[in-house]
Structures are given as C-alpha cells and as structure tokens.
Amino acid sequence: MRMLLSLTFLALLVTNAAAQDLKLIPAPADLGAPPNDAVKSPTGLISKMITQGSSAEKPIATDVVTVNYTGWRSDGMMFDSTVARGQASTFPLDKVMAGWRECVQMMTLGEKRRCWVPETLAYKGQAGRPKGTVLFEIELLDTRPNPLVPPPDVKAIPSDAKKTPTGLAY
C-alpha cells in the first residue's frame, strides 16, 4: 500500500510539473491585434497563414483531424497546448468549437495557421473556460474521413438494388 501511495504521489508531482511546463510557450506578439494581412470571415473569425501547407487536401466538417496546437487567452496566458505536451491530438472536427472547426477547414495538410476566435465561436461564456477572444496556432498534420459517417454513395440503397424477403439489399 505504501508503495502505491508513493507511486501515486510521484505521478502527481510529475503531472503538476508537466502542467507548469505548459505555461512556457509565450503568446505571439500579435495576440491582441491581428496583423493587417489577416483575413476576417463573415462569422468574425480572423486568421492568418503562418506556414503554407504541403498539399491541396482540406478537411471537411465531419473528418477526423490530427493537429498540433497551442491556445492562449486574451491576457496572454496559454491554456492548452499539444506542442507543450509533445503529443499531437486526433479528434472528429465536428466535435470541436465552431471557430476552431472553421479555422481548420481553411487549412491544407501541413499548414500552420493562427486563428483569433471570438467568444461567440469559442467557449460562449462556459464556466471554467477562457472568456473573450482566444488565439490558437494550429498545424494540420493529417485528415481522414470519419469512420462513423457513411460516405455519400452508401447513405441510401441504390435504386437498382435487389432485395431479399428479409429486406437485405444487394
């Protein structure tokens, strides 16, 4: 039991140290004022390409993406970062905040983009989440179709399909 408690305490120390390391990535100089060459979308999202992508492939809203990102609050405090953790994240694009999804859908594979996400497209005042505009720097590493979303050609039974008495179409 004592060994288990010691290991648990050690894990907490390492976790706390890792959490403190997350605060080491400073906010970009343009945190508070996007540069003149940044583009504003009709929704209010402002973005700027930092590094051009390596292909023309762009994700769609239902894709699963793998990204590296860092997020900062409007006061410059970093609140999340896969870069600081040293591990990219993979998740369905339709499960993230609207502004983040919009930003990633503008990107091509390999691209790095900075996005100023207004509160209405970000956390919308949720308790425990950053308030106001948040800034994300995102690098799109991979995109692929979500295996839970059927492709367009299999959403319905083809009109020329045959059916068995039990309803199986082939």
Exercise. So which of D142, D160 is at pLDDT below 95 and of a type in the set (D, E)?
Worked result: D160
Problem set entry | Matching residues, the stretch 135-167, being among the hydrophobic types (A, V, I, L, M, F, W, C) and either surrounded by 10 or more Cβ atoms within 10 Å (Cβ to Cβ) or closer than 28 Å to E119 by Cα (or both) | L135, F136, I138, L140, L141, V149, A156, I157, A161
Problem set entry | Looking only at the stretch 49-76, and only at residues there that are within 16 Å of the chain's Cα centre (by Cα), open to solvent by less than 70 Å² (accessible area, probe 1.4 Å) and not β-branched (V, I, T), the one that is farthest from D142 (Cα to Cα) | W72
Problem set entry | Members of the stretch 77-134 found to be open to solvent by 50 Å² or more (accessible area, probe 1.4 Å) and part of a strand (DSSP E or B), listed by number | F79, T90, K112
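The values are calculated or read from the model by the stated rules, or taken from the named source; none is laboratory data. Just so it is clear, the structure is predicted and the values come from calculations on it, not from any experiment. In this analysis, Cβ positions are derived from the backbone assuming ideal geometry, glycine residues included, and neighbour counts consider all displayed protein chains. Side chains are part of the model used for accessible areas, which takes the heavy atoms of the whole protein and leaves out ligands, DNA and RNA. Shrake-Rupley method; radii C 1.70, N 1.55, O 1.52, S 1.80 Å.
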